[in-house]
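The values are calculated or read from the model by the stated rules, or taken from the named source; none is laboratory data. Please read these numbers as outputs of a predicted model, since none were measured by experiment. Don't worry about glycine lacking a Cβ; one is built from the backbone with ideal geometry, like all the others, and counts go over all protein chains shown. Heavy atoms of the whole protein, side chains included, go into the accessibility calculation; ligands, DNA and RNA do not. Shrake-Rupley method; radii C 1.70, N 1.55, O 1.52, S 1.80 Å.
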Amino acid sequence: MSGADDKMLATSSADDWTWLSRYTEARIALGRCGPGLPTSAHLAFQAAHAEARDAVLKPFDAEQLATDIGARGWPALAVHSRAPDRATYLQRPDEGRLLSPESEALLSEPRAPADIVLVVADGLSSRAVQVNALPVLDALMPLLAGAGRRLSPVIVASQGRVALADHVGELFGASASIILIGERPGLSAADSLGLYLTWMPRRGRVDSERNCISNVRNGGLAPADAAKQAAELVERMFRHQAAGVSLARLPQLPAPEER
């Protein structure tokens, strides 16, 4: 090792990373107290961990959210997956991908046809849904309605996984589905919402057949921007009749009216 290298190592410290903390919420430049972390950084970690656990375990009031959505003039229905409680949901992901028999019967009742089914599910962060779902819907619904697509009632699901929208879409015979769902919380964000879009949603679809818009939250992707991206993706899906990897492989040609 050269003398210049020795000098660089001798002068380097955690403080050299401090300036990067302006651009990220990652845990960098935390400082040092002997061989460990300062008390403030240790307590901040514990608080973030507790916040993430709370986001996963906090009960989700689907009925209240459905009522709030209905108050905006959009029909909404509260349903439940086959996971009867949170413990089952966390231990049996497959149970969260299907509707309970009662909810399946409810959605099997005769209804107006829908081109797009809209689902809101708690996922792994009910807090993310409570904070971000309505702002996303406020921006998204006018965009979808303006395109002339027939929309299903907003289905608000408890103990739901992403693939629950496949079951819902199958029952409605829809061409596309959009599910707003709480994402797995991390130690820098416990309220991140994700949007997953699927073409011809049917049971058995896989993740490569979906498009995802992630990190919708304060400090991440703004709800209005997420809604705009989702509406644009929906138009591409209908134009090319594809989603996920198949859609990504296609050239992003302008819409006919833009050519």
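All alpha carbon pair distances within the chain were sorted into 5 Å bins beginning at 0; the resulting P(r) in whole percents reads 1, 6, 12, 15, 16, 14, 10, 7, 6, 5, 4, 3, 2, 1, 0, 0. Computed about its Cα centre, the charge dipole of the chain is approximately 320 debye, with only Lys, Arg, Asp and Glu carrying charge at their Cβ. Farthest toward the dipole's positive end in the range 14-70, which of Ile28, Val56, Gln46, given Cβ charges of +1 (Lys, Arg) and -1 (Asp, Glu) about the Cα centre? Toward the positive end, the furthest listed residue is Ile28. Among beta bridges identified by DSSP and lying wholly in the chain, the antiparallel ones come to about 45 percent. Each other residue within a Cβ distance under 14 Å of Val245 adds +1 if Lys or Arg and -1 if Asp or Glu, for a net charge of +2.
Accessible area per residue for the range 167-259 is 48 Å², calculated with a 1.4 Å probe on protein heavy atoms, without ligands, DNA or RNA.
What is the range 79-142 by shape, rounded, prolate or oblate, if you read a ≥ b ≥ c off the alpha carbon gyration tensor as root eigenvalues and call it rounded for a/c under 1.5, prolate for a/b larger than b/c, and oblate otherwise? Oblate is the answer for the range 79-142, as a/c is 1.5 or above yet b/c matches or exceeds a/b. Amide H contacts of Leu221 (H built 1.01 Å from N, in plane; Pro and chain starts excluded): Val216 sit under 5 Å, all sequence-distant by 5 or more or on other chains.
Charge tally for Met200 (other residues, Cβ to Cβ under 13 Å; Lys, Arg +1; Asp, Glu -1): 0. With a sphere of radius 11 Å drawn around the Cβ of Leu98, what net charge do the other residues whose Cβ falls strictly inside it have (Lys, Arg +1; Asp, Glu -1)? Residues near Leu98 contribute 0 overall. Around the amide H of Ala121, modelled in the peptide plane, lie the amide H atoms of Ala157, Leu180, Ile181, Gly182, all under 5 Å away and 5 or more residues distant in sequence or on another chain.
Between the listed residues Ala174, Pro135, Pro113, the Cα displaced farthest toward the positive end of the dipole of the range 77-175, a dipole computed from Cβ unit charges relative to the Cα centre, is found at Pro135.
Label the range 153-259 by shape, choosing from rounded, prolate and oblate, from the square roots a ≥ b ≥ c of the eigenvalues of the Cα gyration tensor; if a/c is under 1.5 it is rounded, and otherwise prolate applies when a/b is larger than b/c, oblate when it is not.
Verdict is oblate for the range 153-259.
In order along the range 24-32, the phi-based Karplus estimate (6.51 cos²θ - 1.76 cosθ + 1.60, θ = phi - 60°) of 3J(HN,Hα) comes to 8, 8, 5, 7, 10, 6, 7, x, 8 Hz; Gly and Pro are listed as x. Computed from label points 7 Å out along Cα-Cβ, the spacing between Arg32 and Glu63 is 5.7 nm.
Once you reduce the range 130-148 and the range 25-39 to the center of their Cα atoms, the two points are 41 Å from each other.
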